[in-house]
Amino acid sequence: MTVAAGTNELARLRRITEPRSIAMLGIALGLLAFWLALPPWTVRFEGGPIAVGIAGMAAGLWALTRDERRLGWWAMAVAIGGTAAALWAQSQQVDSLDAVVNAGLFAATIRFATPLAFAAMGGIFSERSGVINIGLEGMMLSGAFFGIWASAWSGSWVVGILMAMVFGGLLALIHAFFSIHLRADQILSGTAINFLALGLTGYLFRYIYGSEGTPSDVSRVPTVTIPGIEKIPFIGDVFGEMSLMIWLMLLLLVVTWVVLFKTPTGLRIRSVGEHPRAADTVGISVYGVRYASVVVSGMLAALGGAYLSIGFVGSFNENMTLGRGFIALAAVVFGKWRPFPAFAACLLFGFSSGLAQRLQNEAGISSNLLQTLPYVLTLIALVGVVGRSRGPAAVGRPYVKQ
């Protein structure tokens, strides 16, 4: 009976996973159809992308007939859209395509994705422990201001990074106090944090720097050059020279995954987010774990803001985060509260930002229209996962110790 039950379960899993895998293959083929028409391939034979697109549509249709409707329709849409986009790209001049799609675009993708990834990792820690952190935007903004402020008066970008983390952690502590101890609505608390950070940084920016703005000679995070890699075609142009904070972000991805899924600390965080009552019963401090997780999330989000001010732009402007904290929160949902899928979502949003910047320079398209591209992709990505993403069972629910 046991062997038969195991066989039936295996067969059931295959019925579920095979259509899903084929649908994912169809999505990949649709993207490949478009990529073939772009540099460095620049395939000019129309039959190539069309054949790949038809294969993607066939995979999507096959998945639809096996009741994998959501991913199946996505595969069909991506395959059709990818094929149409490839035909459009083939009608353009090769020089025009090279000016938009090149190593610089992929380097820009990583730069734009870095602040989102810092905030997204922070959001994962907070929500895995059961606390929704809508205040990521405000914590990023505070990190951006206090990072460049401390870097300017101290002359050291290291001090700027540390001060950004301190103030990001303080805002997160306020959010944690209202959400955990006072059991306030976590959405409203996070929204209040965003308004607090917006008003505070705006007032301090005008009070300290006035109309002159931040100093131009502020200490900035250095660029790391890897010997030898810069000589490799294409790869060197992307990874040859990158900010130190980008490498720290990549290291943070691995550390986040290890901590959450390979250590007892991560098990405590996840247990508190899933079953706080059971965790409390076995001696885990639910309040302590949630406080620590939320503060860590604020510090990581502040690192993303500090990257913007002293690692990327070299200055500060009011509301310079421009909704990146909300995009990072969307990446958390899109990535199903896991580090690497969330980073993939950040790369998607970073790619859209880099592409919008290049299209504005090369194609003469309205900048106001192109600036909406990352947010439109955010909505599309969320629509694609709504109904399938299931967060921690206790996220957003205040815990009352008995």
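What separates the Cα centres of segment 169-237 and segment 128-144 is a distance of 10 Å.
The convex hull defined by the C-alpha atoms of segment 148-287 has an orientation-averaged projected area of 12.9 nm².
For the chain, the residue among THR42, LEU267, VAL158 whose Cα projects farthest onto the positive side of the dipole built from Cβ charges is LEU267. Rg and Dmax, both from the Cα atoms of segment 225-298 and both in Å, are 18.9, 58.
Taking all pairs of distinct Cα atoms, average 1/r, flip it, and tell me the Kirkwood hydrodynamic radius of the chain in Å to one decimal place.
Values: mean 1/r = 0.0437 Å⁻¹.
One over the average 1/r among Cα pairs gives 22.9 Å for the chain.
Across segment 78-152, the fraction of Cα-Cα pairs farther apart than 20 Å, rounded to a whole number, is 60%. Computed with a 1.4 Å probe on the full set of protein chains, the accessible area for TRP62 sits at about 90 Å².
Could you tell me what a quarter of the Cα convex hull surface of segment 263-320 works out to, in nm² with one decimal place?
Numbers: hull surface 21.2 nm².
Mean projected area of the Cα convex hull: 5.3 nm².
Most tightly packed first, judged by the mean number of other beta-carbon atoms within 10 Å of their residues, the peptides 80-90, 162-172 read 162-172, 80-90. The listed residues VAL332, VAL52, once ranked by accessible area (1.4 Å probe) with the largest placed first, stand as VAL52, VAL332. Peptides 211-221, 340-350, 306-316 ranked from most to least packed, by the mean per-residue count of other Cβ atoms within 10 Å: 306-316, 340-350, 211-221.
Per residue, how many Å² of accessible area does the chain show with a 1.4 Å probe?
Using a 1.4 Å probe on heavy atoms only, each residue of the chain averages 48 Å².
Here segment 106-120 and segment 48-99 have alpha carbon centers that stand 26 Å from each other.
Sort ILE124, ILE27 by heavy-atom solvent-accessible area, probe 1.4 angstrom, most to least. Before the final figure, lay out each step's value.
Working: ILE124 0, ILE27 35 Å².
Largest accessible area first, the list is ILE27, ILE124.
Kirkwood analysis of segment 227-385, using all unique Cα-Cα pairs, places the hydrodynamic radius at 18.2 Å. In the chain, what percent of the accessible surface is made up of carbon and sulfur (1.4 Å probe, ligands and nucleic acids excluded)? Here carbon and sulfur together make up 67 percent of the probe-accessible area. Mind checking which of THR321, THR201, THR65 has the largest fluctuation in a GNM of the chain, springs on alpha carbons under 10 Å? Most flexible of the set in this elastic network: THR65.
Viscosity 0.692 mPa s, temperature 37 °C: give me the Stokes-Einstein translational D for segment 112-224 in µm²/s, with Rh taken as the Kirkwood radius over C-alpha pairs. Provide the component values of the computation, followed by the final result.
On the way: Rh = 14.9 Å.
Calculated translational D: 221 µm²/s.
I'd like to know which of ILE187, ASN102, SER211 lies farthest towards the positive end of the charge dipole of segment 86-236, counting +1 on Cβ of Lys and Arg and -1 on Cβ of Asp and Glu. Positive-most Cα among the choices belongs to ILE187.
Helices assigned as whole DSSP H runs in the chain whose Cα atoms extend at least 20 Å along their own long axis and whose mean Kyte-Doolittle hydropathy is 1.0 or higher are found at 47-65, 157-176, 244-262, 286-306.
The values are calculated or read from the model by the stated rules, or taken from the named source; none is laboratory data. These figures come from a predicted structure and were not determined experimentally. All Cβ positions, glycine included, derive from the backbone under ideal geometry; neighbour counts span all protein chains shown. Each accessible area value is taken on the protein alone, full model and side chains, heavy atoms only, with ligands, DNA and RNA left out. Shrake-Rupley method; radii C 1.70, N 1.55, O 1.52, S 1.80 Å.
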